[in-house]
Structure formats: structure tokens, C-alpha cells
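The values are calculated or read from the model by the stated rules, or taken from the named source; none is laboratory data. Here the structure is a predicted model, which is why all the values come from computation and not from measurement. Here the Cβ positions follow ideal geometry from the backbone for every residue, glycine too, while neighbour counts run over all protein chains shown. These area figures cover heavy atoms from the full protein model, side chains too; ligands, DNA and RNA do not enter into them. Shrake-Rupley method; radii C 1.70, N 1.55, O 1.52, S 1.80 Å.
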Amino acid sequence: MIERQSKKISLRKQCYLLSLNRSSLYYSGVLMCEEESKIINEISEIWHEIPVYGYRRIWAELRRRGYKINRKRVQRLMKEAGLSAIYPGPKTSKGNPDHKIYPYLLKGMEINRPNQVWMTDLTYIKMPQGFVYLMAIIDVYSRKIIAWDLGNSMDLEFCLGILKMAFANGKPDILNTDQGSQYTSPQWIEAVEKMKVLVSMDGKGRWADNITIERFWRTVKWEHLYLRNYETVREVKESIAEFIGFYNQRRVHQSLEYNTPEEIYAGHKKAPDVILGRPRASKSRGIPLDLDAELQELLLVA
């Protein structure tokens with residue numbers, strides 16, 4: 001809009017007419033200095049290690065590492081890098097006191113084949129505007145994702161649609177869920193029992209009862225979602241579909257003796273038996289044996 005070489009009207013007059021500050025005409029951007037680039041890399045390293053840290057705690061960590069930097073600068077650099085603390089999102093397991101709660105059937109059970117036990121759960125994914133919800137059904141023995149979908153809400157119809165997709169691929173002896181209202185609803189229970197599948201539910205507040213799907217949430221978020229930025233639900237869904245294909249068919253699991261979920265599920269390979277509720281840690285895996293059993297289960301590599 002500004003014509004610097006105009007002979008008819010001065011720069012002062014052009015700025016006045018456009019309501020521009022003349023000083024902005026003489027500003028030119030500079031390339032990021034080496035020091036700033038180093039700080040951004042350090043910030044990124046801290047954030048990927050502890051993504052719940054906001055700019056204040058990252059500033060404090062940088063100071064501990066010897067950087068002389070103020071908080072406003074850290075805040076600016078994090079904004080430029082697209083980094084922000086990952087805060088807890090909406091609760092996905094709100095119960096309904098009018099619904100029947102079923103007992104947990106898996107404690108101490110030896111799970112030694114595919115389709116013996118499935119687990120399912122919901123989690124949320126933070127978007128630039130609000131949240132979207134991811135639901136998946138996993139085979140406990142093989143770790144294979146049987147069915148999944150992404151939606152803008154976590155209503156009953158959304159959950160039943162994924163259950164229908166899963167039953168199109170097979171059925172388990174037992175399906176375990178938490179006590180969320182979707183899973184305790186009469187419609188969900190009817191759909192499960194109609195397939196002659198036993199209903200099992202976590203104890204109240206006992207996330208470790210559904211540990212296999214909890215491990216998958218950790219995997220998909222830390223290995224995939226937290227490393228990318230998404231603008232639309234379609235982008236997230238396409239990206240998750242790509243990752244789950246990789247997870248089922250190509251990603252080897254330490255707990256599966258370095259085989260893939262698809263190899264175990266199809267019966268091409270044999271996996272160790274799964275016994276929920278018992279510690280399976282060992283010194284060779286770097287986890288102290290005296291830790292609480294549930295904490296050991298969470299720390300074990302998927």
C-alpha cells in the first residue's frame with residue numbers, strides 16, 4: 001500500500017492517510033539468532049519430556065539449567081513454537097447412579113488367547129477449538145485394536161456404532177469397560193449380552209483394571225498425537241487411522257516378545273499369558289520389584 005518512490009505524495013502523508021506509524025516502515029525482520037534457536041530447542045526438549053509444563057515451569061527449568069532468561073521471553077518463544085501445557089480435559093467416565101454396575105471378572109484370570117477378553121474406553125484429544133473423543137476396543141491378549149472411531153461427542157449412539165464394528169470382526173468371551181454411563185446403559189448391556197458376551201466393569205476409580213487400553217492411550221498420544229499439530233477433525237482422524245494401521249501391523253511390542261499385535265491375533269505367533277492384577281516387573285526391565293502392583297502395570301512397556 002505504501003509507495004516508497006512516489007513523487008506525488010510524501011511517506012509522511014501516506015502514513016497519515018493510512019493511520020500507520022512511520023517507524024514500522026523502517027523495521028526489517030532479522031533471522032533468529034543462534035542463542036534463541038538453542039533456547040527453543042531446549043524448551044521443546046523440556047516440553048516433550050513433561051508436556052504438562054506451562055511457560056512458568058519451563059522458565060524455572062531453564063533457569064535451573066543455567067539460562068538467564070525472563071518469563072515473558074519463554075512465553076513468547078513457546079507461542080512461536082506452538083507449544084502449550086496439556087491440561088486435563090473433560091471427564092469421559094461419568095456414571096449414572098440409576099444404572100446397574102456389573103462385577104470385575106478379570107482379576108487373576110489367565111488370558112492366553114485372542115478374543116478371550118476385550119477392553120474398551122474413551123479418551124479426549126485437544127483441538128484448537130474444544131475437544132474430540134476417541135473410542136477404541138482392544139484385544140487384551142494380542143493388543144490389537146479391533147475397532148475405533150473419532151467423534152465430536154461421546155454419546156451412546158457413537159459408542160454403539162463402534163461396538164457394532166467390533167462385533168463384525170469377531171466377539172470375545174468377556175468385554176470389560178469402566179463404569180461410564182454409556183457402558184452401564186441398558187442399550188449397551190443388551191447389545192453385549194445379545195452376542196452372548198459376559199459384561200465386566202472396573203471397580204470405581206480403579207483405572208488399573210482397564211490397564212491394557214490405558215497403555216494404548218499412552219502409546220497413541222505420546223508416540224503420535226503429541227508430536228503433531230492438527231487443525232481439523234478430519235486431519236486427526238486420518239492421522240489416527242494411519243497410526244493404528246502401523247500399531248497393529250508393524251509396531252513390535254516388548255510385552256509380545258517383539259511381535260506385532262496382528263501376528264499374535266492371527267495366531268502366527270504366541271505371546272506370554274496375561275494375568276491382570278499381578279506384578280510382572282523384573283529388575284532387568286529397570287522397574288523396582290517393591291512398587292505397588294498397579295503402578296508397575298502402568299509403567300510396563302506396551
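Observations on the model:
- Selected residue (criterion: modelled with the highest pLDDT) from residues of the range 126-158 that are farther than 15 Å from Ile213 by Cβ and part of a strand (DSSP E or B): Leu150
- Against the numbered list (1) surrounded by 17 or more Cβ atoms within 10 Å (Cβ to Cβ); (2) under 16 Å from the mean Cα position of the chain (by Cα), Leu175 comes up short only at (2).
Yes/no matrix, rows are residues, columns are (1) within 22 Å of Val220 (Cα to Cα); (2) modelled with pLDDT under 50; (3) in contact with a helix residue (DSSP H, G or I) (Cβ under 9 Å, 6 or more places away or on another chain); (4) in a loop (DSSP other than H, G, I, E, B):
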| site | (1), (2), (3), (4) |
| --- | --- |
| His268 | no, no, yes, yes |
| Pro272 | no, no, yes, yes |
| Gly277 | no, no, yes, yes |
| Ser284 | no, yes, no, no |
| Ile287 | no, yes, yes, yes |
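- Scan of the range 131-150 for residues that are more than 20 Å from Leu106 (Cβ to Cβ) and either open to solvent by 10 Å² or more (accessible area, probe 1.4 Å) or polar (S, T, N, Q) (or both), ordered by number: Phe131, Tyr133, Trp148, Asp149, Leu150
- Checking each residue in the range 233-273 for being polar (S, T, N, Q) and touching an Asp or Glu at 6+ places or on another chain (Cβ under 7 Å) picks out Asn248, Gln249.
- Selected residue [modelled with pLDDT under 85 and either more than 27 Å from Thr177 (Cβ to Cβ) or out of contact with any strand residue (DSSP E or B) (no Cβ under 6 Å at 6 or more places or on another chain) (or both)] from Tyr258, Tyr226: Tyr226
- Complete set of residues in the range 109-124 that are part of a strand (DSSP E or B) and either touching a Leu at 6+ places or on another chain (Cβ under 6 Å) or surrounded by fewer than 18 Cβ atoms within 10 Å (Cβ to Cβ) (or both): Glu110, Trp118, Thr123, Tyr124
- Residue selected from the range 159-191 under the condition in a helix (DSSP H, G or I) and hydroxyl-bearing (Ser, Thr, Tyr), by the criterion modelled with the lowest pLDDT: Ser181
- Enumeration of residues in the range 192-217 that are open to solvent by 30 Å² or more (accessible area, probe 1.4 Å), assigned to a helix (DSSP H, G or I) and modelled with pLDDT of 90 or more: Glu193, Lys194
One line per residue, one yes/no per condition, for (1) at pLDDT 60 or above; (2) open to solvent by 40 Å² or more (accessible area, probe 1.4 Å); (3) more than 30 Å from Asn176 (Cα to Cα):
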| position | (1), (2), (3) |
| --- | --- |
| Lys38 | yes, yes, yes |
| Ile46 | yes, no, yes |
| Arg64 | yes, yes, yes |
| Lys79 | yes, yes, yes |
| Gly82 | yes, yes, yes |
| Lys107 | yes, yes, no |
